[in-house]
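Participant: Here's a structure for you.
The values are calculated or read from the model by the stated rules, or taken from the named source; none is laboratory data. The structure displayed is predicted, hence computed values, not measured ones. Reconstructed Cβ throughout: ideal geometry from the backbone, glycine too, with neighbour counts over all protein chains shown.
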Amino acid sequence: MSVSERGGAAAEPDQPSGDDRLRRWRLVLGGAAEESLGGLSGAESAMDTALAALYDGGGQGGQRSRSAGLGASAPQVARWLGDIREYFPSTVVQIMQSDAIDRLNLTSLLLEPEMLSAVEPDVHLVGTLLSLGQVMPDKTKDIARQVVRQVVDELERRIANKTKAAVTGALNRATRINRPRHADIDWRRTIHANLKHYQPDYRTVVPERLIGYGRRTTAVQRDVILCVDQSGSMAASVVYSGVFAAVLASMRSLRTSLVVFDTAVVDLTDQLHDPVEVLFGTQLGGGTDINRAIAYCQELVTRPRDSIFVLISDLYEGGIRAEMLRRVAALVDSGVQVVVLLALSDEGAPAYDHDNAAALAALGVPAFACTPDAFPDLMAAAIERRDLRAFAAQQST
């Protein structure tokens, strides 16, 4: 294994000193460093054994320095899962679980209820479970739903308030009017906008432009269409998109649609009341036909100037590329605010089709990755019809 792989799991944020530093380097470097750095005992020895089982033996690819490993034994894996939850914080546990699934081919074991009950729920685990949805036995599905529900509830707690606040604020700003009634004048912003018209002789501002608040309304002010690529590489983005769509759908001022696609197109809008149902309505994997998905979404646009179309995809098009670009151009020309996200996750931009991204940029539609924490601000910018190129540049730094 590489030092970075084992180090990513073993490192902790505080700064050790003296013997503690040596012991931590020993954990990072593994048994090969025992002669020069010394052995371990107690809990540190158990931590080293757990790390060795994953990173120093039994994995796929690369040379290993030990013969340890998790093998294909469910009881052994269950014990290992218990050990890492005892000795490492949850953030490290999630990394090690994800590595175990990828490196040791443990995916099939997640179909066992006992195994699924032992894991630490996180977004990547949910993505793996969704990819197994078609082969998951009935005895496992209830536990899988509980795991997904736990992750979804945590994500909603994390993003719901910020999303609603950002969207509501943007809608309020977007509805300000420039010919308000006297009672609707926003005096602070009116004065600020007219400071250049200050009359020193009269010691006052003569407002050339009045800025007012829009009248409160319960009407739908924006239509939001989320169009999500459900190919296997987009698993985390699918999870976050489903939760965000459910949050946006709970806001009366928005009409939110959620469309997922591979080579087929599925409209999940009627399930947005329950994001868990939304996620189990997806089918990760398969090909990609972006053109077909956009064609469907075009039919959902009834008020172009009040519509926001968010395409979340790595842009690897298996359909008709020229037609896909033509459809995006038509949406832009009609007044739709078009947003293209290469990913909606914490991992940054995945591998993506650079030619298609460049072609979209030429249409005035930058394609960039967005973290879940930044997505509410992105929606606010889109609602206010700001130039998203500056937002994209900020996300790329």
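Participant: Criterion first (surrounded by 24 or more Cβ atoms within 10 Å (Cβ to Cβ) and either in a helix (DSSP H, G or I) or touching a His at 6+ places or on another chain (Cβ under 8 Å) (or both)) does Val228 satisfy it?
Facilitator: Considered against the rule, which asks whether it is surrounded by 24 or more Cβ atoms within 10 Å (Cβ to Cβ) and either in a helix (DSSP H, G or I) or touching a His at 6+ places or on another chain (Cβ under 8 Å) (or both), Val228 comes out as no.
Participant: Answer yes or no: is there a residue in the stretch 284-291 that is within 30 Å of Val152 (Cα to Cα), among the β-branched types (Val, Ile, Thr) and touching a residue at least 60 places away in the same chain (Cβ under 8 Å).
Facilitator: The answer is yes, given that some residue of the stretch 284-291 is within 30 Å of Val152 (Cα to Cα), among the β-branched types (Val, Ile, Thr) and touching a residue at least 60 places away in the same chain (Cβ under 8 Å).
Participant: Also, quick follow-up: Would it be correct to say that Thr269 is surrounded by fewer than 20 Cβ atoms within 10 Å (Cβ to Cβ), on the phi < 0 side of the Ramachandran plot and not acidic (Asp, Glu)? Step through it out loud before you land on a result.
Facilitator: Details: surrounded by fewer than 20 Cβ atoms within 10 Å (Cβ to Cβ): yes; on the phi < 0 side of the Ramachandran plot: yes; not acidic (Asp, Glu): yes.
In short, yes.
Participant: Restricting attention to the stretch 374-397, which residues are outside any helix (DSSP H, G or I) and either over 18 Å from Pro350 (Cβ atoms) or modelled with pLDDT under 85 (or both)?
Facilitator: Of everything in the stretch 374-397, those that are outside any helix (DSSP H, G or I) and either over 18 Å from Pro350 (Cβ atoms) or modelled with pLDDT under 85 (or both) turn out to be Glu384, Arg385, Arg386, Asp387, Thr397.
Participant: So if I check each of Asp314, Asp355, Asp306, Asp333, which one is under 20 Å from Leu130 (Cβ atoms) and acidic (Asp, Glu)? Working first, answer last.
Facilitator: Details: Asp355 fails: under 20 Å from Leu130 (Cβ atoms); Asp306 fails: under 20 Å from Leu130 (Cβ atoms); Asp333 fails: under 20 Å from Leu130 (Cβ atoms).
Criteria check complete, one pass: Asp314.
Here's the yes/no breakdown for (1) farther than 27 Å from Thr128 by Cβ; (2) modelled with pLDDT under 95; (3) under 23 Å from the mean Cα position of the chain (by Cα); (4) not in a loop (DSSP other than H, G, I, E, B):
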residue	(1), (2), (3), (4)
Arg252	yes, yes, no, no
Val259	no, no, yes, yes
Gly285	no, yes, yes, no
Ala293	no, no, yes, yes
Ala322	yes, no, no, yes
Leu341	no, no, yes, yes
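Participant: Sticking with this structure for a sec: Quick check, is Ser241 in contact with a strand residue (DSSP E or B) (Cβ under 9 Å, 6 or more places away or on another chain), within 28 Å of Asp122 (Cβ to Cβ) and surrounded by fewer than 20 Cβ atoms within 10 Å (Cβ to Cβ)?
Facilitator: Spelling it out, it is not the case that Ser241 is in contact with a strand residue (DSSP E or B) (Cβ under 9 Å, 6 or more places away or on another chain), within 28 Å of Asp122 (Cβ to Cβ) and surrounded by fewer than 20 Cβ atoms within 10 Å (Cβ to Cβ).
Participant: Can you name every residue in the stretch 118-156 that is modelled with pLDDT of 85 or more and among the polar types (S, T, N, Q)?
Facilitator: Across the stretch 118-156, the qualifying residues are Thr140, Gln146, Gln150.
Participant: Just to verify a result, which residue in the stretch 186-214, among those that are surrounded by 15 or more Cβ atoms within 10 Å (Cβ to Cβ) and closer than 23 Å to Ala380 by Cα, is modelled with the lowest pLDDT?
Facilitator: Restricting to residues being surrounded by 15 or more Cβ atoms within 10 Å (Cβ to Cβ) and closer than 23 Å to Ala380 by Cα, the top hit is Gly214.
Participant: Moving on. What are the residues in the stretch 103-123 that are more than 12 Å from Val77 (Cα to Cα), part of a helix (DSSP H, G or I) and of a type in the set (D, E, K, R), if any?
Facilitator: Of everything in the stretch 103-123, just one residue is more than 12 Å from Val77 (Cα to Cα), part of a helix (DSSP H, G or I) and of a type in the set (D, E, K, R), namely Arg103.
Participant: Exactly one of these conditions fails for Arg179: (1) under 24 Å from Gly335 (Cβ atoms); (2) of a type in the set (Lys, Arg); (3) at pLDDT 75 or above; (4) exposed (fewer than 14 other Cβ atoms within 10 Å of the Cβ). Give me its number.
Facilitator: Every listed condition holds for Arg179 apart from (3).
Participant: Give the residue, chosen from Val126, Val77, that is within 30 Å of Glu44 (Cβ to Cβ) and of a type in the set (Val, Ile, Thr). Walk me through how you get there before you give the answer.
Facilitator: On the way: Val126 fails: within 30 Å of Glu44 (Cβ to Cβ).
Answer to the selection: Val77.
Participant: While we're on this one: Only one of (1) of a type in the set (D, E, K, R); (2) in a helix (DSSP H, G or I); (3) modelled with pLDDT of 80 or more fails for Arg173. Which number is that?
Facilitator: (3)
Participant: Without any contact (Cβ under 8 Å) to a residue 60 or more places away in the chain and either among the charged types (D, E, K, R) or under 16 Å from Asp229 (Cβ atoms) (or both): which single residue out of Ala392, Ala329, Ala295 fits that description? So that I can check it myself, show each step before the final result.
Facilitator: On the way: Ala392 fails: either among the charged types (D, E, K, R) or under 16 Å from Asp229 (Cβ atoms) (or both); Ala329 fails: either among the charged types (D, E, K, R) or under 16 Å from Asp229 (Cβ atoms) (or both).
Of the residues listed, the single one that is without any contact (Cβ under 8 Å) to a residue 60 or more places away in the chain and either among the charged types (D, E, K, R) or under 16 Å from Asp229 (Cβ atoms) (or both) is Ala295.
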